[in-house]
Amino acid sequence: MRGPHELIAPGSLPAPVLRIGAAVIIVGGVLLLNPYPLWWWVAGGASLVSVLAPRSMGSWIGIACMAVGMVLTEPSAARTALAILLIHAAHVLAAWAWAVPWRSRIRPAVLLPGVRRLLLIQAIAQSVAALMLLAVPPLHGPGFAWLAPLGAAVLTGVSAAVLRVSWGPGPASRRPSGSPPGGAEGPAGSNVGGRS
């Protein structure tokens with residue numbers, strides 16, 4: 001009978017750091033970007049739930065509170081840049097926290113490719129936002145109120161499409177590599193796709 005084994009890599013961090021980091025960014029972002037205390041409480045409660053159970057989607061409720069703050073306040077270049085940074089960083093940390101079990105440890109070097117992607121996307125997004133602020137005249141008044149829900153609908157549709165593509169084929173249509181198309185059985189005695 002084998003007992004549980006534990007391997008701790010030098011320089012590794014406990015996985016809860018990702019969950020707590022996402023919660024801190026979300027709560028801080030809501031305090032900075034949303035002036036309404038009701039949304040502070042909603043984001044704080046959602047972030048606490050996300051620390052304890054990251055698959056509860058609490059982080060994304062908190063991220064939405066940041067976006068709501070942007071809709072409810074006057075447009076500002078600095079607030080827009082801050083929102084783009086904080087919402088993106090919170091999303092990345094929450095996605096990592098979703099994937100890493102509570103009791104595991106993670107080496108910072110493993111996160112470097114994700115950090116590089118975050119910085120590259122930030123460079124593009126911040127540049128596009130700055131160009132839009134310079135190129136498009138301020139849109140005020142009731143005639144432009146439809147732009148916010150339209151933008152949210154487009155963003156939701158694009159996000160759903162990207163998420164669907166990133167999931168790939170369903171488990172029923174996947175087959176283990178190297179197995180014949182007719183079934184998942186390999187040569188006699190092999191355990192293809194099963195537990196060892």
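The values are calculated or read from the model by the stated rules, or taken from the named source; none is laboratory data. Remember, predicted model here, so these are calculated numbers, not experimental data. Don't worry about glycine lacking a Cβ; one is built from the backbone with ideal geometry, like all the others, and counts go over all protein chains shown. Accessible surface is based on the protein model in full, side chains and every heavy atom, while ligands, DNA and RNA are left aside. Shrake-Rupley method; radii C 1.70, N 1.55, O 1.52, S 1.80 Å.
Matching residues to (1) surrounded by 12 or more Cβ atoms within 10 Å (Cβ to Cβ); (2) out of contact with any Leu (no Cβ under 6 Å at 6 or more places or on another chain); (3) among the basic types (Lys, Arg); (4) closer than 15 Å to Ser47 by Cα:
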site	(1), (2), (3), (4)
Thr73	yes, yes, no, no
Ala78	no, yes, no, no
Ala81	yes, yes, no, no
Leu86	yes, yes, no, yes
Arg116	no, yes, yes, no
Ile121	yes, yes, no, no
Ser127	no, yes, no, no
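Can you tell me how many residues in segment 89-99 are farther than 15 Å from Val24 by Cβ and in contact with a helix residue (DSSP H, G or I) (Cβ under 8 Å, 6 or more places away or on another chain)? Final tally of qualifying residues: 1. Restricting segment 51-71 to residues that are farther than 20 Å from Pro37 by Cα and of a type outside the set (A, V, I, L, M, F, W, C) leaves a set whose member that is least open to solvent (accessible area, probe 1.4 Å) is Pro54.
Scanning segment 69-108 for residues that are touching a residue at least 12 places away in the same chain (Cβ under 8 Å) and among the hydroxyl-bearing types (Ser, Thr, Tyr) returns Thr73, Thr80, Ser104. Listed by first and then second residue, the pairs with beta-carbon distance under 9 Å, at least 6 apart or on different chains, first residue in segment 34-50 and under 19 Å from Gly21 (Cβ atoms), second of a type in the set (Lys, Arg), are Ser50/Arg19. Condition first: of a type in the set (Lys, Arg) and at pLDDT below 60. Can you find one or more residues in segment 91-114 that meet it? Looking for residues that are of a type in the set (Lys, Arg) and at pLDDT below 60, one finds none in segment 91-114, hence no. Against the numbered list (1) of a type outside the set (Gly, Ala, Ser); (2) closer than 22 Å to Ala125 by Cα; (3) crowded, with 18+ Cβ neighbours inside 10 Å, Trp39 comes up short only at (2).
Within the set Val51, Val17, the sole residue that is out of contact with any Lys or Arg (no Cβ under 8 Å at 6 or more places or on another chain) and hydrophobic (A, V, I, L, M, F, W, C) turns out to be Val17.
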